[in-house]
Amino acid sequence: MAQNQTTFVNQKLVFFENTKEEYDLVDLLRSEAELLGKGTFGSSYKAELENGKIVFVKRLKDCYLVKEEFKKKVQELAKLSDHQQSLLPLRAFYYSKDEKLLVFDYMTMSSLASLLHKNGEAKKSQLTWEVRTRISYGVARGLEFLHAQDPSNCHGNIRSSNVLLTNSFDARLSDQGLFRFFMSNPKLALKADYQAPEVGYAYDISQKSDVYSFGVMLLELLTGKAPLDTIGKNKGVDLPSWIRIMFQEKPIIDVFDKSMVQNYQEFGDQMVQLLELAICCTFKNPTKRPSMVAVTNQIKWTCSFKS
């Protein structure tokens, strides 16, 4: 995945205590890399090493933190992922003035966004109602855990492309807390697709804006529609507004992803209750949005999860 290799000279990957050093920076730079996406905070890659191991790499852009501050924030992220299985494990990092990399575990099922929007109906058919509810519950539990650590602690970039999936469709959140690496960059404006109306920059992010972003992602999961501008400029749907219009004009069953219509007779009550929850999460007034504790409990109760 090497680009501008001169910026990597005489530097090493730094691994965390819970990670075996099965590779080094040279191995990573020599790897077969596939660009998975470009986001607000940088580009994501699937890197297949010569020893057969596959890792998920985040290459940050426009991050101006000094090394000690960067290292401190990365260590905080690694500790969080050690204590909550819904967070994507962070294994190593690289720091130089010009390049900053984060190395995570790779999830073989890729992202929720890919299954919903990029891989065709065959892949999308794997997202049964039971799988969709399990994904929503896993994401909610991960957010609830993050919010419980401190009143100022947030994820900051909840979106379906940051919900990675294991072979058994368990959710693993990536990008948690990365917004803190960019709060000193006043020029970095955030896209409006998943972000709450009150958020324009990284320093505006809060736990209530996390709830809003989760609500948009839940609407996406229920409707199968991509939020506005996530798949191209002016493409997609302003989901919170679209849902409210549909509620007034169309039968409720028309709101849901067509691939789930056959589930409506058996799971209609659950589907409607999660839709109502998503609408509450996307209230424009932050004070009217529920907490992630309430959201997690509602999904647990609605869908009869045991833990």
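Things to note:
- When the range 65-76 is limited to residues that are open to solvent by 90 Å² or more (accessible area, probe 1.4 Å) and over 23 Å from the mean Cα position of the chain (by Cα), the one that is farthest from Pro89 (Cα to Cα) turns out to be Val66.
- There is no residue in the range 9-21 that is open to solvent by 70 Å² or more (accessible area, probe 1.4 Å), within 28 Å of Asn185 (Cα to Cα) and under 23 Å from the mean Cα position of the chain (by Cα).
- Scanning the range 32-41 for residues that are modelled with pLDDT of 90 or more and either farther than 23 Å from Gly156 by Cβ or among the charged types (D, E, K, R) (or both) yields one hit, Glu34.
- Whichever residue in the range 1-28 is among the β-branched types (Val, Ile, Thr) and over 17 Å from Asn51 (Cα atoms) and, among such residues, is modelled with the highest pLDDT: Val14
- Scanning the range 83-97 for residues that are open to solvent by 90 Å² or more (accessible area, probe 1.4 Å) and over 16 Å from the mean Cα position of the chain (by Cα), we see that the one that is farthest from Ser111 (Cα to Cα) is Lys97.
- Checking each residue in the range 242-265 for being under 18 Å from Thr302 (Cα atoms), surrounded by fewer than 19 Cβ atoms within 10 Å (Cβ to Cβ) and in contact (Cβ under 8 Å) with a residue 24 or more places away in the chain picks out only Asn263.
- Near pairs, Cβ below 6 angstrom, 6+ apart or cross-chain, from the range 283-307 (assigned to a helix (DSSP H, G or I)) to any residue that is of a type in the set (D, E, K, R): Pro286/Lys208; Met292/Glu144; Val293/Glu144; Thr296/Arg141; Thr296/Glu144
- Any hit, the range 233-241, residues being open to solvent by 10 Å² or more (accessible area, probe 1.4 Å), modelled with pLDDT under 85, of a type outside the set (S, T, N, Q) and not in a loop (DSSP other than H, G, I, E, B): yes
- Condition check for Met271: within 30 Å of Thr128 (Cβ to Cβ), part of a helix (DSSP H, G or I), over 16 Å from the mean Cα position of the chain (by Cα) and modelled with pLDDT of 90 or more: yes
- Inside the range 178-208, residues that are aliphatic (A, V, I, L, M), open to solvent by less than 40 Å² (accessible area, probe 1.4 Å) and at pLDDT below 90 make up a count of 3.
The values are calculated or read from the model by the stated rules, or taken from the named source; none is laboratory data. Predicted model only: the values in this text are computed from it and were never measured. When we count neighbours, we look across all protein chains shown, and the Cβ atoms used for this are built from the backbone with ideal geometry, even at glycine. Please note that ligands, DNA and RNA were not included when accessible areas were found on the heavy atoms of the full protein model with its side chains. Shrake-Rupley method; radii C 1.70, N 1.55, O 1.52, S 1.80 Å.
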